Amino acid sequence: MAYCTITDLTRWIESDELVRLCSSDDAATIASADVIAVAGEAIQSADSQIDSYLLGRWPGLRGYSPVPDEIGRISAVLAVYQLYLRRRAVSGMWRTSYQDCLDRLAAASSGELDLGLDEDGGMAAGPEALYRTDALETDRVYDREKMDKF
C-alpha cells in the first residue's frame with residue numbers, strides 16, 4: 001500500500017502541472033495510463049525513502065491504514081520532488097521542501113519527532129482511548145484527559 005495517491009500530489013501542484021511532469025503527450029490527462037504509471041513510480045520512490053528511515057523503528061508501518069497524515073504529506077512532497085527531478089526542473093523551493101522532509105524523517109527515526117505511532121507502526125492511543133487499572137479494590141477507567149493530570 002502506498003503512503004499517498006495521485007490525488008494527494010494535486011494538493012501540492014496543479015493537476016495540469018502533474019500531467020506535464022509525467023507525460024510528453026499534449027492530450028494526456030491525470031487519468032492517462034502514462035501519467036498514472038510515472039506518478040506511481042515517483043510515489044514508490046518516495047515511499048522507499050520513507051521506509052529507509054522509518055521501518056527500522058516501526059516495522060508494522062507498511063500495513064497501517066489509514067496512513068498517518070504526516071507520512072502521507074511527506075510521501076506526496078517527496079514524490080512531487082521526484083517528478084521535478086525527472087524533468088530536471090527542481091526549483092530552490094522544492095529542494096528546500098525535499099530536505100525538510102528528509103530532516104523530519106530523520107527526526108522521526110531518532111524519536112525526536114512524534115508521528116503519533118506506537119512501536120508497531122500503528123496509531124498510538126488517541127484522546128478517546130481508555131486506560132484501566134486494578135491497583136485499587138475496584139477497577140477504575142481513565143481517559144486521556146484524566147491521565148494527563150497525573
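Every read-out reported here was derived from the displayed coordinates using simple, explicitly stated rules and does not represent laboratory data. This structure is a prediction, so every number in the text was calculated from the model and none was measured. Here Cβ is always computed from backbone atoms with ideal geometry, including for glycine, and neighbour counts include all displayed protein chains.
With the Cα gyration tensor of the stretch 1-59 giving a ≥ b ≥ c as the square roots of its eigenvalues, does the rule (a/c under 1.5 for rounded; else a/b larger than b/c for prolate; else oblate) give rounded, prolate or oblate? Judged from the Cα gyration tensor, the stretch 1-59 comes out prolate (a/c at least 1.5, a/b above b/c). Seen from GLY40, the other residues with C-beta closer than 11 Å to its C-beta sum to a net charge of -3, counting Lys and Arg as +1 and Asp and Glu as -1. Calculate, for ARG62 and ASP16, the FRET efficiency according to 1/(1 + (r/R0)^6) with r their C-beta to C-beta distance and R0 22 Å; round to the nearest 0.05. Once the sixth-power term is evaluated, E becomes 0.10.
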